[in-house]
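Report on the following structure.
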Ligand code: UGA
């Protein structure tokens, strides 16, 4: 199939490269000329495992990037809209989606053959049919369902393993306005014959995406609320509580041979210093705002956001248990990315923690295996001393705060001086492995 992808952010580029690797002739469109050139030279503009390899395998063969949207739409059968939907004010900002739809529509006005436009960006329920479809009709002067199809195909990629997630999908959700649209969308995924497909309308497809992220975020805040009470009560370690909960056979089923399946879902029932990233915080807030618009209060999700906003502060409370005065205290913050495997720092708990420590006059050192460059935009060298290695980061520290669960931090017990306090925001280190240990969900 000949396809085009509008937007080369992490969703657009990963989707485009992976679909090209599955045999589709793919054009990725972006307004940013430098980015387009970079992609065409086979260089990934973002840090994402497996992306450089899949780019070099496909670029110049099945995949190319371009700034020319018109030519791409005229020469392809299906377009994915994969532009950003940032959260602005109290709702998601659809301006990039609107703009992409209008540009595609203007080309459809001059296109004779049938074309399918699929929204891949995360948009609140109703957007594809109530916003994108009317723009396409207005700018093309044509009729949806007759001259062109409109669909919604949410992505379920996790940053850091987006390529692997795309190539080994757990589900494919296709929302189409009619059977013809759905038929073309199915062709897009014909290389995944064994994957479960949910075929539905666009609004339900949009809702599936928000519900999936809302559930995972809820599980995290639930675990954090339990962790905070466990710590307050004393004598309870939340990791033992959660192990007892995870062993429920409905959460980790026992097979006939006696072995257990440990589903990835249980990872979200782990206490920590809070979730971040470009998805959970934005998506939960967007659904709350959407509920408000339709006079349906989303009380549970409001609590999820509230608990999450408090969680970084728990790290500082643990620090204050040992040091009444933070001014002049040498504090090392380990892990700036919102999670391991990415250089993305959006909504990372490290940000409010560094801000507060800075405000209180702590002497700050930070280390992240990949996200240092991104963090320097927020905290420059005069605010934070960045180190290139873990051992340099913890040398001479009064306290070390572990924020991101990077595998290399398992070296900490060997590296920490006996008087350094470790505050473990991910319960990544065994509490008995260092002399002065504090962790979320432990008193
Ligand atoms: C999430 C979803 O997992 C994907 O399915 C979805 O496609 C994606 O959002 C999206 O909407 O694009 P992602 O944001 O990449 O993916 O990250 P996750 O690995 O799910 O982690 C999200 C946050 O939760 C991280 O800050 C992580 O540290 C935190 N987390 C995760 C916890 O605090 N506790 C846990 O037990 C698990």
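The values are calculated or read from the model by the stated rules, or taken from the named source; none is laboratory data. Quick caveat: nothing in here was measured; it's all calculated off a predicted structure. Cβ atoms come from the backbone with ideal geometry, glycine included; neighbour counts cover every protein chain shown.
Being touching a helix residue (DSSP H, G or I) at 6+ places or on another chain (Cβ under 8 Å) and assigned to a loop (DSSP other than H, G, I, E, B) is the filter; apply it to the range 229-254 and report the residue that is nearest to residue 442 (Cα to Cα). I'd like the intermediate steps shown before the answer.
Filtering the range 229-254 for residues touching a helix residue (DSSP H, G or I) at 6+ places or on another chain (Cβ under 8 Å) gives 230-231, 236-238, 241-242, 246, 251-252.
Next, only the ones that are assigned to a loop (DSSP other than H, G, I, E, B) stay: 236, 251-252.
Numbers: 236: 6, 251: 24, 252: 24 Å.
The residue in question is 236.
Hey, residue 191 hits all of (1) surrounded by 15 or more Cβ atoms within 10 Å (Cβ to Cβ); (2) away from the ligand (no atom under 16 Å from the Cβ) but one; which does it fall short on?
The single condition residue 191 does not satisfy is (1).
For the range 293-303, give me each residue that is in a loop (DSSP other than H, G, I, E, B) and either near the ligand (Cβ under 6 Å from one of its atoms) or in contact with a helix residue (DSSP H, G or I) (Cβ under 9 Å, 6 or more places away or on another chain) (or both). Give the steps one after another, and end with the answer.
Keep residues of the range 293-303 that are in a loop (DSSP other than H, G, I, E, B), which gives 294-298.
Within the range 293-303, 296, 297, 298 meet the criteria.
Given the condition closer than 24 Å to residue 11 by Cα, part of a helix (DSSP H, G or I) and more than 13 Å from the ligand (Cβ to nearest atom), answer yes or no: does some residue in the range 313-330 qualify? Outline the logic, then answer.
Within the range 313-330, the subset closer than 24 Å to residue 11 by Cα is none.
Among the residues of the range 313-330, not one is closer than 24 Å to residue 11 by Cα, part of a helix (DSSP H, G or I) and more than 13 Å from the ligand (Cβ to nearest atom), which makes the answer no.
Give the residue, chosen from 150, 132, 163, that is outside any helix (DSSP H, G or I) and either in contact (Cβ under 8 Å) with a residue 12 or more places away in the chain or within 13 Å of the ligand (Cβ to nearest atom) (or both).
Working: 132 fails: outside any helix (DSSP H, G or I); 163 fails: outside any helix (DSSP H, G or I).
Testing whether each residue is outside any helix (DSSP H, G or I) and either in contact (Cβ under 8 Å) with a residue 12 or more places away in the chain or within 13 Å of the ligand (Cβ to nearest atom) (or both) leaves just 150.
I need a count of the residues in the range 248-292 that are away from the ligand (no atom under 16 Å from the Cβ) and loosely packed, with under 15 Cβ neighbours inside 10 Å.
13
One residue is enough: does the range 422-440 have a residue meeting the conditions more than 20 Å from residue 239 (Cβ to Cβ) and either touching a helix residue (DSSP H, G or I) at 6+ places or on another chain (Cβ under 8 Å) or not assigned by TED's automatic domain parsing to the domain that holds residue 271 (or both)?
No; the residues of the range 422-440 include none that is more than 20 Å from residue 239 (Cβ to Cβ) and either touching a helix residue (DSSP H, G or I) at 6+ places or on another chain (Cβ under 8 Å) or not assigned by TED's automatic domain parsing to the domain that holds residue 271 (or both).
Scan the range 17-56 for residues that are outside any loop (DSSP other than H, G, I, E, B), in contact (Cβ under 8 Å) with a residue 60 or more places away in the chain and under 22 Å from residue 107 (Cβ atoms) and jot them down.
Within the range 17-56, 19 is the sole residue that qualifies.
Residues that are within 30 Å of residue 296 (Cβ to Cβ), part of a strand (DSSP E or B), more than 16 Å from the ligand (Cβ to nearest atom) and touching a strand residue (DSSP E or B) at 6+ places or on another chain (Cβ under 8 Å): does the range 104-119 have at least one?
yes
Residues that are under 26 Å from residue 310 (Cα atoms) and away from the ligand (no atom under 16 Å from the Cβ), at least 3 per element: which helices (runs of 4 or more DSSP H) completely within the range 334-434 meet that?
Details: elements: 350-359, 372-375, 390-394, 412-415.
By residue number, 350-359.
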